[in-house]
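Report on one structure; see the data block that follows.
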Amino acid sequence: MTKFPNNFLWGGATAANQLEGGWQENNRGPSIADALPGGKKRMQVINQPNFDWTIDEKKYNYPNHFGIDHYHRYKEDITLFAEMGFKVYRFSVAWSRIFPQGDETQPNEAGLKFYDNLIDECLKNNIEPLITLSHYEMPLNLAKKYGGWKNKQLINFFEHFVRIVVTRFGSKVRYFLTFNEINSAAHFPALSQGLVPENGATNKKNIFQAWHNQFVASSKAVQIAHNFNSQIKVGCMILYATSYAYNSNPINQLSNLHNNQNFNFFCADVQIRGEYPSYSHRYLKENGVSENDLDRTTDELALLKEYPVDFISFSYYMSSVIDATAATNETVAGNLLGGVKNPFLKASDWGWQIDPTGLQISLNELYDRYHKPLFIVENGLGAKDKVETNGKIYDDYRINYLKYHIQAISAAIEDGVEVMGYTPWGCIDLVSASTGEMSKRYGFIYVDLDDNGHGTAKRLRKKSFAWYKKVIETNGADLDNTINY
Ligand code: BG6
């Protein structure tokens, strides 16, 4: 039987750029996410050598501009979350709603007001807000004019933004996350660092410098939050993909060990332990970068040590396989990183390998390594849903996916791991980050919009809505609930 602590935080997660819309309303400035076209090729488009963040509405459709119109419908959406019994709601603050260009001194009051209202709506419904400070977006101007996070000036702009956010909302919000999936830049620096080939993404030195600047900015955020109120907890956020060696060949085992260090642990090691790990030299060298190439001051390194994060949050969708010996040639897609096919696992329609046991392993690996509380802030199944003629959506495949992952969390808790909460991704359907599609749906709530933005944007409860409501009501004890839907 599954068991969770009484104060376990059940809820859901979203990101501003994928659901708010209202991209030009009340003085909001454009963000890098607004320059991402819709469709499966969006990552290819932004990786072209001449892509310079130009928004060309004649050439492309930009689904993030409208999102799911949450900017105007947030009250209805929060009411639905409350109906499911959410105890926490993870959302992000759009930096360009508060600082339209990113480098202003004065914030945009209308932007702050929107988040005041959103937070108050959550609190009115007994939902604890959990804010991601930077979720795959920054003011477009900071990417175009300053070249993204490789530029140290961004530390100061971010610090100013965080100070305004924490001062305004810090008496109502107890949990903040700094950078969403900070480690994803290893494969995809565009979303989290504002780096595309045109402004330096192909030179690995820039990625490591951008990371360093983000580590410093993260420590400053911890400092600001703790100084404002010592009860506030700030977490890092990593994309965790449990990684297996393809077979017992020691070469694959070693390669897997290095992959774990490089991808799953490098950023977390710095943000949690407050210092660069011992394998940094090897990792940099493998990427043709040396310590001397990076601008890292003694004061900055001291700040990292003084202000590590308080807890670890991570996304978990799938596991990956390392095959350095080319023992197989079967490949699959994945969450910003594709790889080798695991013969023991099934994959989603988008090729992400489904592995609940991998979540139990992740939780153990992270807790053994860091001894800090863990928060699973993203997990879920991107799938195509069908609305039946009676208006119902029977998403048993999603219920199944979530059920086995929740069981895995419970098993990890039994193993002795400290888990704070669980916020499945895209609790309401929203625009996919990697493909810009609406048809890749994660939600408990269906939103009537298609990939071209056509539809009424009407919200419909899926079968999983009633199921998850019961899961929360029973504090995770009743995962087999057969509900009247
Ligand atoms: C995570 C991101 O990588 O995965 C989210 O933090 C994203 O922003 C989610 O939406 C699911 O990925 P996708 O590409 O299916 O939207």
Rounded to whole Å, give me the distance from the Cα center of the stretch 88-110 to that of the stretch 267-302.
30
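Which whole-number percentage describes the relative contact order of the chain, with Cα contacts under 8 Å and a sequence gap of 6 or more?
Details: 1009 pairs, mean separation 88.8, N = 485.
Relative contact order of the chain: 18 percent.
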What lysines could a cross-link reach from Lys470, if we take a straight Cα to Cα line under 21 Å and drop same-chain neighbours fewer than 8 places away?
Lys3, Lys87, Lys392, Lys403, Lys462
Part-to-part distance (alpha-carbon centres) for the stretch 216-259 and the stretch 306-329, which is given in Å:
9
Show me, bin by bin at 10 Å from 0, the whole-percent P(r) of the chain based on Cα pairs.
4, 20, 33, 29, 12, 2, 0
Euclidean distance between Cα centres, the stretch 348-371 to the stretch 114-163, Å:
28
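Rounded to the nearest percent, how much of the accessible area of the chain (1.4 Å probe, protein heavy atoms only) is carbon and sulfur? Don't skip to the answer; put the middle values down first.
Numbers: 8830 of 18340 Å².
Carbon and sulfur together cover 48 percent of it.
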Dipole magnitude of the stretch 147-230, debye to nearest 20 (Cβ charges: Lys/Arg +1, Asp/Glu -1, about Cα centre)
220
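I want to check a number: in the stretch 98-178, how many lysine pairs have alpha carbons closer than 23 Å, given a sequence separation of 8 or more or different chains? Each step should come with its number before you reach the end.
Values: Lys113/Lys124; Lys113/Lys172; Lys124/Lys172; Lys144/Lys152.
Here the count comes out as 4.
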Per the charge dipole of the chain (beta-carbon charges, Lys/Arg positive, Asp/Glu negative, Cα centre), the residue among Ser31, Tyr317, Ala217 reaching farthest to the positive end is Ser31
Based solely on its DSSP helices, what 222 nm [θ] is calculated for the chain when runs of n ≥ 4 H residues each add -39,500 (n - 2.57) and the sum is averaged over all residues, nearest 500 deg cm²/dmol?
-11000 deg cm²/dmol
Which of His65, Ala186, Asn7 sits closest to the plus end of the dipole of the chain, meaning its Cα is farthest towards the positive end, when Lys and Arg get +1 and Asp and Glu get -1 on the C-beta?
His65
May I ask you to list the aspartates and glutamates whose Cα is less than 15 Å away from that of Lys285, ignoring any residue fewer than eight positions away on the same chain?
Asp293
If packing is taken as the average count of other Cβ atoms within 10 Å, what order do 374-385, 73-84 fall into, highest mean first?
374-385, 73-84
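The values are calculated or read from the model by the stated rules, or taken from the named source; none is laboratory data. Remember, it's a predicted structure, so these values are computed and weren't measured experimentally. Cβ sites come from the backbone with ideal geometry, for glycine too, and all protein chains shown count toward neighbours. Surface accessibility is based on the protein's heavy atoms, side chains included, excluding ligands, DNA and RNA. Shrake-Rupley method; radii C 1.70, N 1.55, O 1.52, S 1.80 Å.
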